[in-house]
Amino acid sequence: MILQTYVSTIILLLLHTPSLFIHASQSSAPKMTATNAAQVDPAIYAKSGDISKHLEGVKKQYDTQNKIEFYKQVMGDGTANIHFGKWDNVDLDQEGAYGKASEQMTDYMFELVSGLCDCEGDFKYVDLGSGTGAAALRLVKMHPHIKHATCLNLCDEQNALATKEAAEAGLESRIEVVTGTYEDAPLEDNKYDACFSQDAFVHAFEKKQAFKEAFRVTKPGGAFVWCDLMCGSGEGVSDEELQTFAATNMVNDWLSPEENVAACQAVGWEDVKFVDLTADIRISFQLMLKKVEKILADGNPAGIDEKLLASYKTNLGNRITQVDRGVFKWGVVHAKKPTAAAN
């Protein structure tokens with residue numbers, strides 16, 4: 001994962017274009033007020049309008065050994081894969097269910113990539129906001145035709161772990177880990193057959209700039225596939241509640257699915273579509289909450305910060321209710337770069 005900050009003012013511009021969207025059903029719940037805000041350290045997370053402070057906030061959210069261990073235990077089933085899951089045909093009670101769903105989401109996204117561009121031959125792609133590199137490690141292992149994967153990520157500790165894992169898997173010649181941001185990517189123009197990003201753009205300081213950089217580094221005719229949390233438009237959801245959610249997730253540019261589609265189109269991407277998978281993230285939050293409760297019940301054997309666990313236990317319970325109320329959505333945006341495109 002990579003960039004994040006906190007929103008004190010959120011403006012919703014709802015561009016209702018049904019033909020662009022594939023909707024999944026969502027459950028409803030009684031309205032509730034925005035009294036469930038998590039405790040946030042304003043010295044770390046307050047929105048400043050300063051990208052350097054924003055990046056420091058992201059690092060503090062993810063790039064400590066305590067946070068890495070937390071995500072490893074709660075989202076990774078003891079692995080480095082810390083992504084939300086796609087839960088089709090996954091037994092929620094089986095050992096390692098969360099890790100299986102996370103990998104299934106990675107696989108689903110790469111299937112979308114394969115349907116949008118030619119993945120044969122010397123295929124090269126970049127993972128923007130690659131976190132611990134788990135998605136790239138899985139895909140490169142599974143697909144011999146992937147000649148090269150670049151993992152672009154902000155956080156030094158995560159990058160060190162990704163480099164170590166690639167070497168231990170014997171994949172260092174095919175996986176490159178690069179430190180940097182996806183809004184100012186230190187990458188060549190028109191280099192990659194595809195841009196991929198899993199649960200990272202939510203932290204973008206400016207979404208349109210991130211999408212523009214992805215467009216720049218992708219070859220004409222290439223694919224762009226990313227998934228993430230997005231701003232919802234549930235009935236009765238207040239600006240204050242949206243701001244509170246942003247302020248506990250390092251979000252600076254909080255866009256709805258429609259706005260994200262429009263931002264992609266504005267920088268040149270075509271055939272842009274959103275696939276609504278919000279129902280899946282509800283299950284992810286339920287399983288994460290179950291994991292946190294089990295860690296606490298077992299006496300916290302990994303030695304994770306107790307305050308962090310208590311905070312996440314509260315927050316995850318709130319997240320489940322917020323999904324039902326439409327505070328946010330989660331899903332995939334996929335697009336193509338025009339064959340004759342110029343950067």
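The values are calculated or read from the model by the stated rules, or taken from the named source; none is laboratory data. Model, not experiment: these values are computed from the prediction. Because the Cβ atoms are built from the backbone with ideal geometry, glycine has one as well, and the counts that use them run over all protein chains shown.
Tally time: how many residues in the stretch 318-343 are hydrophobic (A, V, I, L, M, F, W, C), touching a strand residue (DSSP E or B) at 6+ places or on another chain (Cβ under 7 Å) and within 18 Å of residue 202 (Cβ to Cβ)? Result for the stretch 318-343: 5. Residue check: residue 315 meets all listed conditions (1) crowded, with 21+ Cβ neighbours inside 10 Å; (2) touching a strand residue (DSSP E or B) at 6+ places or on another chain (Cβ under 9 Å) but one, namely (2). Within the stretch 125-141, is there a residue that is more than 21 Å from residue 72 (Cβ to Cβ) and not aromatic (Phe, Trp, Tyr)? Yes, some residue in the stretch 125-141 is more than 21 Å from residue 72 (Cβ to Cβ) and not aromatic (Phe, Trp, Tyr). Hey, does the stretch 204-215 have a residue that's free of Cβ contacts under 8 Å to residues at least 60 places away in the same chain, more than 20 Å from the chain's Cα centre (by Cα) and either more than 30 Å from residue 315 (Cα to Cα) or assigned to a loop (DSSP other than H, G, I, E, B) (or both)? No, the stretch 204-215 contains no residue that is free of Cβ contacts under 8 Å to residues at least 60 places away in the same chain, more than 20 Å from the chain's Cα centre (by Cα) and either more than 30 Å from residue 315 (Cα to Cα) or assigned to a loop (DSSP other than H, G, I, E, B) (or both). The test for being buried (at least 19 other Cβ atoms within 10 Å of the Cβ) and among the aliphatic types (A, V, I, L, M) holds for residue 251.
Considering 124, 86, 72, 100, which residue is among the charged types (D, E, K, R), over 23 Å from residue 219 (Cβ atoms) and modelled with pLDDT of 95 or more? One residue alone meets the criteria, 86. Can you report the number of residues in the stretch 321-343 which are over 22 Å from residue 253 (Cα atoms) and not hydroxyl-bearing (Ser, Thr, Tyr)? Here the count works out to 8.
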